[in-house]
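Asker: Questions regarding the structure given below will be posed in turn.
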Amino acid sequence: MAEITYREALKAGLREEMARDKTVFLMGEDIGLNWGGAFKVTKGLAEEFGEDRVRDTPISENTIAGAAVGAAITGLRPVAEIMFGDLITLAMDQVCNQAAKMRYMFGGQTSVPLVIRTVFGGGKNIASHHSQSLESWFMHTPGLKIAVPAFAYDVKGLIKTAIRDPDPVMFFEHKLVYDKKEEVPDEDYTIPFGEASVKREGADVTIWGTFLMVHKALAVAEELAKEGISVEVIDPRTLVPLDKKTLIESVKKTGRLVLVTEETKTGATTAEIAAIVQEEAFDWLDAPIKRVNAPDTPVPFAPSLEEYFIPDEKRIAQAVRDIV
Amino acid sequence: MAEITYREALKAGLREEMARDKTVFLMGEDIGLNWGGAFKVTKGLAEEFGEDRVRDTPISENTIAGAAVGAAITGLRPVAEIMFGDLITLAMDQVCNQAAKMRYMFGGQTSVPLVIRTVFGGGKNIASHHSQSLESWFMHTPGLKIAVPAFAYDVKGLIKTAIRDPDPVMFFEHKLVYDKKEEVPDEDYTIPFGEASVKREGADVTIWGTFLMVHKALAVAEELAKEGISVEVIDPRTLVPLDKKTLIESVKKTGRLVLVTEETKTGATTAEIAAIVQEEAFDWLDAPIKRVNAPDTPVPFAPSLEEYFIPDEKRIAQAVRDIV
Amino acid sequence: MVSKKTLVELYTRTLKVRLFEEKVWDLFGQNLVPGTLHLYLGQEAVAAGITAAMKDSDWVQSTHRGHGHVIAKGADPKKALAELLGKKTGSCKGKGGSMHITEFDAGVLGATGVVASGLPIAVGAALSSQMKGTNDVVACFFGDGASNNGTFGESLNMAAIWKLPVIWVVENNFYAMGTPIKLTCPSENIAARADGYCTPNVVVDGNNALEVYEAAVEAVKRARDGDGPTLIECKTYRKRGHSRFDPAKYRPKEEAEHWLSRDPVDIIKEIAIKEGAITEKEAEKIRKKLEKEMEEAGKFAVESDYPEPEKALEDVYAEEF
Amino acid sequence: MVSKKTLVELYTRTLKVRLFEEKVWDLFGQNLVPGTLHLYLGQEAVAAGITAAMKDSDWVQSTHRGHGHVIAKGADPKKALAELLGKKTGSCKGKGGSMHITEFDAGVLGATGVVASGLPIAVGAALSSQMKGTNDVVACFFGDGASNNGTFGESLNMAAIWKLPVIWVVENNFYAMGTPIKLTCPSENIAARADGYCTPNVVVDGNNALEVYEAAVEAVKRARDGDGPTLIECKTYRKRGHSRFDPAKYRPKEEAEHWLSRDPVDIIKEIAIKEGAITEKEAEKIRKKLEKEMEEAGKFAVESDYPEPEKALEDVYAEEF
Ligand SMILES: Cc1ncc(C[n+]2csc(CCOP(=O)(O)OP(=O)(O)O)c2C)c(N)n1
Ligand SMILES: Cc1ncc(C[n+]2csc(CCOP(=O)(O)OP(=O)(O)O)c2C)c(N)n1
Ligand SMILES: [Mg+2]
Ligand SMILES: [Mg+2]
């Protein structure tokens, strides 16, 4: 057990699965020898497993995803990478119409055991085409599973579960968590899908969030503890399946809920969570559920603008204070 | 003023705008001479305005949308048709990364006055690739406006507003409302975006819904009136801008809300509406907001399955009874 | 020249697809087929010629006009017809219908309602074959209209650079719905586009199963030898409209007459008879047998039950959660 | 041979792009450029040669590597540099940055962060020109890597069937990020793909502004005459890595040396001098003038203010609601 980064933990998970199962292979743009992935997640894997199993592709997102589908339904376990989450717009047909629906529309004749890795989020000043958070589109696509790891320990366990899963898994990462460090076991472990992680226990208010916002929520919780406000922080880890139970129980305990993600507000995953919680825990809610999201705009370039766009600790803390 | 179908009203709107403004033109697959559109909406327009302005295209969805973008930013007002809403998966980059974001990322240097027409919904036994309802993806895409007309009167007024709007408008239709008839004025009129239509007034519970579900809700309201339950039915007509005011006021009056659309439940537009209403009218809600949606599955083919999939009057009525 | 056995096989396969489609048309006339329908009538020689050159373990990737591919590859007509009728005994349990008709066990990767969406999937299946070393080939069918979609170039390219065992089969029936190919393709042949991807290509008479077969044999050999993809453009013609209610009035009379006079079943039958592979009587016997098979398949389909409504909730994931 | 004036113009434009990019590199070194950066250094002759053949009212569609296109087309270096620095005086008010650098008034339709997403937009702009009868042409720049994306085939096709006034400019710098084109393109030239769409095409030395210009003149003429699109493939090379921190170690030494010895500014200067269009001294004078312009532009950019945070909420729609 060593303290390693999220990036290293993810790579370790990929490496161990490739070593364990020779049907596992990676494909994507610049994931191989010359580059090792835009965020260096796959660096070294082509050297280790060969260019056949760590396969550089042309810039053909829809065909990358579709080739993963074709490989998956004929016995391989592809892990396809879309370099930036914003570019999955080009692969929506293969992801949402093919991968997601094949088992169903063919009446269970086939499984589609593939993983599509991509990365969301801002904070790097790379503007509207490289900074979005689009996870809710996929949450609205039945047939897909969705992992949203925010911690090094989680990412290793979840990538393994994703690769071994018989269904198509969207594996979403976030640019600003790659460098986060944590103690991560060297050995093989998996984390089941559909189990949230309570990152901090608390009594007065529940914060549910994803990716970098979990880290920010923890900082806020620490801060608010000094004011005597006890915050529980929940990281769902997967959006599909969704661990409603942990969340609902927490809300029944605290009576208050703040949802926080980096997505633009309207139609974000936080909307779905709010709808569920008011449906299932209406009588326990002591205050309206608060949503903290980015504003409904594209992601701007200039640092002064992007900082304003991305939810910060101040806004999260304010949302908590508003309802306690 | 004559009673005409939704299809005819829509065509009348398109025709009048083409006659009014010669920069308006239509492009899409099979919209022209030989077919007149898969749902015959544009039938006769190529004969009237020429093949230049009613332009058949190759099967190239992303380039159809992108060409509309290019035409829009250089002075034309394209109305592009994507034959089925399910196929907009192929045009997501041009729609969501280009059309939606251009004004913003170029700092207001350009307008993108285009309309993309497409059609959602099941009920025709044409299965998973031709029956989806994907409007929530676009509601989660800042920069787009969204019209969701369900009535003949509305569709004519809204298509005109859409064409004259300086921003990109997603104009969503529904397969099973094309034949619905209503009195529609012959003359020019527009309906402002962001104004819901209260299709029926009531005092005990509010139903908010879109497309065919508004028609079903009206039938349910009629039915429930006999039981002494007074139902108010609201059709938003546009999702972006969204008329929150009419809805919130209605909920403040009735204290109860049922949301009903044909979308699969998780992440549907109904989630966003539920989140908004609990945020803004928490203290007025006498019961949890109910969502009536399709289940989280692809759309099945067999009539017995598809009927089960699409929300029906019985389920809507049940949802109302559950909370009154 | 191919063997007599092969000629009989080509005749049988072409006819089988024909009779299947006629049965579908018959059931459709009885109002038993829900939804829409893209008949393969008129294009039978393409599916027959291509699949006759393939092994059972090879794959075909189909389209919205998929019945012919599926039946020619060896799918069970019973399950296929039941699927078209939306029955629980259908190959997709009634969940797919005409546009998703698929039988994995017969080597069909799937029919798809999204035009041109099969090409990337074929790339992936061929990659599987190559990486696993199974030596199986993948024939990917698609229309002239599909060739204008972005996946065409992407997939031809990927298959070419990785030398994948794919056969691209363009069924050029000159129309995409009502749009004549002349409006949407600047070149005479779609095949010309394959040159840009260094992919060997050939244009054949798609109403002649033997011509299709011969091209397929060469392409299959190239693929199995590890020499990469081939594109075969088959010129053919729909007997009827694009979909259920289309009278196809947009097709010029002379053009339609020319093509409809060139019936794929007649053509391969004549060849087989001329080459002494079969007699008129033997041909008739095969027809009778196949007619009986389709009759029974139709009966099976009609008599099968519709799926229970709640089945709509199954098969979304491997396990429910 | 072209006129002396044109040679001077080509030299000036090539140099202007060079000096702009050097100023960017300089500011970047001072840590003043947020985000990433795809420098146009090394490819200057392409943008210079193409735009020199165009009118002010013509359009260019740019890419993620867009500074050169924008400056060559005549955008204000002040506003462009301010944009790169994320200042409110930038051409996009600081909302776009390097990957979206755009000046509509100079005839730039936009730079885009999505590879190959400019092609469909160029089709639409050219359609505008055709339908409105303005006679303007659209030059659409994109990379070798972009040619593998689906929009390539779709857009080449649409432009060809409608005979649109587009010039497809492939900047083949042999790499897409770290991926050598040999891994992702089976043919020697991208241009080969244009044949499949009946689009006249030519391969030129992209480091030679004159060669590029001559090809562009012909293409522009064809487009303006209503004879449709042309594809010009310019072989060129990046002076530096793909983006800000890429040392480009994946490029073979000899290859890099060969190309880097062929400097676009030197090449066009030599030609201009040899043809008697300019003297060394005149050339130096032009350089000085441009250096001064860039110096001032840099100063303007550095001294400008960052946008107020709340400006992030503006420009989503024409009017707020
Ligand atoms: C991507 C996509 N665009 C449009 C459609 C609607 N559509 C279904 S079939 C068809 C025509 C297809 O033409 P072609 O590829 O030539 O096949 P054919 O029908 O002639 O066999 C169209 C436009 C679709 N299903 N998918
Ligand atoms: C559709 C898409 N896929 C991937 C990327 C990430 N990306 C940015 S630039 C680039 C390489 C582009 O290569 P090329 O088209 O040759 O242009 P060059 O950078 O060489 O000028 C890649 C893969 C992207 N921005 N868009
Ligand atoms: Mg066709
Ligand atoms: Mg390149």
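No value in this document is a laboratory result; all are computed from the given coordinates. Only a predicted model underlies this, so the values are computations on that prediction, with no experimental measurement involved. Heads up, the Cβs are rebuilt from the backbone with ideal geometry, glycines too, and the neighbour counts pull from every protein chain shown.
Asker: So how tilted is helix A:313-323 from the main axis of chain A? Cα-based, degrees 0 to 90, rounded to 10.
Answerer: Orientation of helix A:313-323: about 50 degrees from the principal axis.
Asker: Counting Lys and Arg as +1 and Asp and Glu as -1, each charge on the Cβ, what is the dipole of the protein assembly as shown about the Cα centre in debye, to the nearest 20?
Answerer: On the way: 156 positive and 194 negative charges, 294 e Å.
Dipole about the Cα centre, nearest 20: 1420 debye.
Asker: Cα-based count: Lys pairs in the range A:226-324 below 21 Å, eight or more positions apart or different chains?
Answerer: 13
Asker: What nm value, rounded to one decimal, do you get for the distance between C:I273 and C:K292 when each label is placed 7 Å out toward the C-beta?
Answerer: Modelled inter-label distance: 2.3 nm.
Asker: Place the peptides B:45-51, A:140-146, C:21-27 in order of packing, highest mean first, counting for every residue the other Cβ atoms within 10 Å and averaging per peptide. Mind dumping the intermediate values first?
Answerer: Numbers: B:45-51: 15.9, A:140-146: 25.4, C:21-27: 19.0.
In decreasing order of mean packing, B:45-51, A:140-146, C:21-27 become A:140-146, C:21-27, B:45-51.
Asker: Could you pull out the pairs from C:K16/C:K253; C:K79/C:K289; C:K55/C:K274 whose alpha carbons sit more than 21 Å apart here?
Answerer: Details: C:K16/C:K253 28 Å; C:K79/C:K289 18 Å; C:K55/C:K274 27 Å.
In this structure, C:K16/C:K253; C:K55/C:K274 lie more than 21 Å apart at Cα.
Asker: Order of D:175-188, B:24-37, D:224-237, C:293-306 by packing, highest average Cβ count within 10 Å first?
Answerer: Taking the mean over residues of other Cβ atoms within 10 Å, the ranking is B:24-37, D:224-237, D:175-188, C:293-306.
Asker: I would also like to ask the following. Using Cα-Cα distances under 8 Å and only pairs 6 or more residues apart, what relative contact order does chain C have, in percent?
Answerer: This gives 24 percent for chain C.
Asker: Follow-up question, since we're still on this one. With both bridge residues required to lie in the range D:4-311, what share of the DSSP beta bridges run antiparallel, to the nearest 5%? Numbers along the way, then the final one.
Answerer: Details: 2 of 24 bridges.
That works out to approximately 10 percent antiparallel.
Asker: Under the convention of a label 7 Å out along Cα→Cβ, give the distances in nm from A:E3 to the same position in every other copy, shortest first.
Answerer: 7.7
Asker: Let me ask something else about it. Could you check the spin-label model distance between B:R315 and B:E3? Points 7 Å from the Cα along Cα→Cβ, value in nm.
Answerer: Each label point lies 7 Å from its Cα, and together they span 3.1 nm.
Asker: Still on this structure, I have one more. For Cα pairs less than 8 Å apart in space and 6+ apart in sequence, what is the mean separation divided by the residue count of the range C:78-117, i.e. the relative contact order in percent? Intermediate results must be reported in sequence, preceding the final value.
Answerer: Values: 62 pairs, mean separation 10.4, N = 40.
Relative CO of the range C:78-117 lands at 26 percent.
Asker: Further question: Report, ordered by chain and residue number, the aspartates and glutamates lying within cross-link reach of B:K181, taken as a straight Cα distance under 18 Å and ignoring same-chain residues fewer than 8 apart.
Answerer: Cα-Cα hits under 18 Å: B:E3, B:E8, B:D154, B:E173, B:D235.
Asker: Would you tell me which residue of chain D has the beta carbon closest to the rotation axis bringing chain D onto chain C, and how many whole Å away it is?
Answerer: D:G150, 1
Asker: If the convex hull of the alpha-carbon atoms of the range C:1-139 is projected onto planes in all directions, what is the mean projected area in square nanometres? Before the final figure, lay out each step's value.
Answerer: Numbers: hull surface 34.6 nm².
The orientation-averaged projected area of the Cα hull of the range C:1-139 comes to 8.6 nm².
Asker: Determine Rg/Rh for the range A:88-231; Rg is computed over alpha-carbon atoms and Rh is the Kirkwood hydrodynamic estimate from the same atoms. Intermediate results must be reported in sequence, preceding the final value.
Answerer: Details: Rg = 17.3 Å, Rh = 17.0 Å.
Taking Rh as the inverse mean 1/r over Cα pairs, Rg/Rh reads 1.02.
Asker: Mind checking which helices in chain D clear 20 Å along their axis (Cα) and have mean Kyte-Doolittle hydropathy of -1.0 or more, DSSP H runs only?
Answerer: Values: long enough: D:4-29 (37 Å, -0.23); D:118-132 (21 Å, 0.81); D:209-224 (21 Å, 0.04); D:280-303 (34 Å, -1.40).
Sorted by number, the helices that extend far enough and score high enough are D:4-29, D:118-132, D:209-224.
Asker: Another question, then. From other protein chains only, count the Cβ atoms within 10 Å of every residue's Cβ in D:195-208, then give the mean. Please report the intermediate quantities before stating the final value.
Answerer: On the way: counts 5, 15, 6, 5, 1, 0, 0, 0, 0, 0, 0, 0, 0, 0.
What the average comes to for D:195-208 is 2.
Asker: Sorted from shortest, what are the nm distances separating the label point of C:R244 from equivalent points in the other copies, each placed 7 Å from Cα along Cα to C-beta?
Answerer: Copy-to-copy label distances at C:R244, shortest first: 5.8 nm.
Asker: Inside 10 Å of the C-beta atoms of D:85-92, what's the mean count of C-beta atoms belonging to other chains?
Answerer: 4
Asker: Inter-copy label distances at B:E182, 7 Å along the Cα→beta-carbon direction, one decimal in nm, shortest first?
Answerer: Here B:E182 shows inter-copy label distances of 5.2 nm.
Asker: What is the spread of the Cα atoms of the protein assembly as shown along each of their three principal axes, largest first, in whole Å?
Answerer: Result for the protein assembly as shown: principal-axis Cα extents of 94, 78, 74 Å.
Asker: So what is the relative contact order of chain A, in percent, for Cα pairs below 8 Å that sit 6 or more residues apart? Present the calculation step by step, with values, prior to reporting the outcome.
Answerer: Numbers: 726 pairs, mean separation 53.2, N = 324.
Taking the mean separation of contacting Cα pairs over the length of chain A, I get 16 percent.
Asker: Be a star and scan the range B:297-324 for residues whose amide nitrogen sits under 15 Å from the point 7 Å along the Cα-to-Cβ vector of B:K226.
Answerer: Of the residues in the range B:297-324, B:313-314, B:317-318 have backbone N under 15 Å from the label point off B:K226.
Asker: Mind putting together the pair-distance distribution for the range D:65-144? All Cα pairs, 10 Å bins, whole percent per bin, short to long.
Answerer: Cα pair-distance distribution for the range D:65-144, in percent: 20, 47, 28, 5.
Asker: Obtain the radius of gyration and the Kirkwood radius of the range B:2-184 from its C-alpha atoms and give Rg over Rh.
Answerer: Details: Rg = 15.1 Å, Rh = 16.1 Å.
With Rh from the inverse mean 1/r over Cα pairs, Rg/Rh is 0.94.
Asker: If you average 1/r across every pair of different Cα atoms in the range B:197-323 and take the reciprocal, what Kirkwood value do you get, in Å? Don't jump to the answer; show the numbers that get you there.
Answerer: Numbers: mean 1/r = 0.0690 Å⁻¹.
The answer is 14.5 Å.
Asker: If you don't mind, another one. Taking the Cα atoms of the range D:4-311, what is the range of coordinates along each of the three principal axes, in descending order and whole Å?
Answerer: 52, 50, 40
Asker: Something else now. Could you work out how far helix B:269-280 tilts from the main Cα principal axis of chain B, as a 0 to 90 degree angle to the nearest 10?
Answerer: 60 degrees
Asker: Would you mind giving the mean number of other chain beta-carbons within 10 Å of the Cβ of each residue in C:34-41, as a whole number? Intermediate results must be reported in sequence, preceding the final value.
Answerer: Working: counts 9, 10, 5, 0, 0, 0, 0, 0.
Rounded to a whole number, the mean comes out at 3.
Asker: Counting helices only, and only those DSSP H runs with n ≥ 4, report the 222 nm mean residue ellipticity of the protein assembly as shown as the sum of -39,500 (n - 2.57) divided by its residues, in deg cm²/dmol to the nearest 500. Display every interim value, and only then the final one.
Answerer: Values: 46 runs with 507 residues, N = 1290.
Value at 222 nm, helices only, nearest 500: -12000 deg cm²/dmol.
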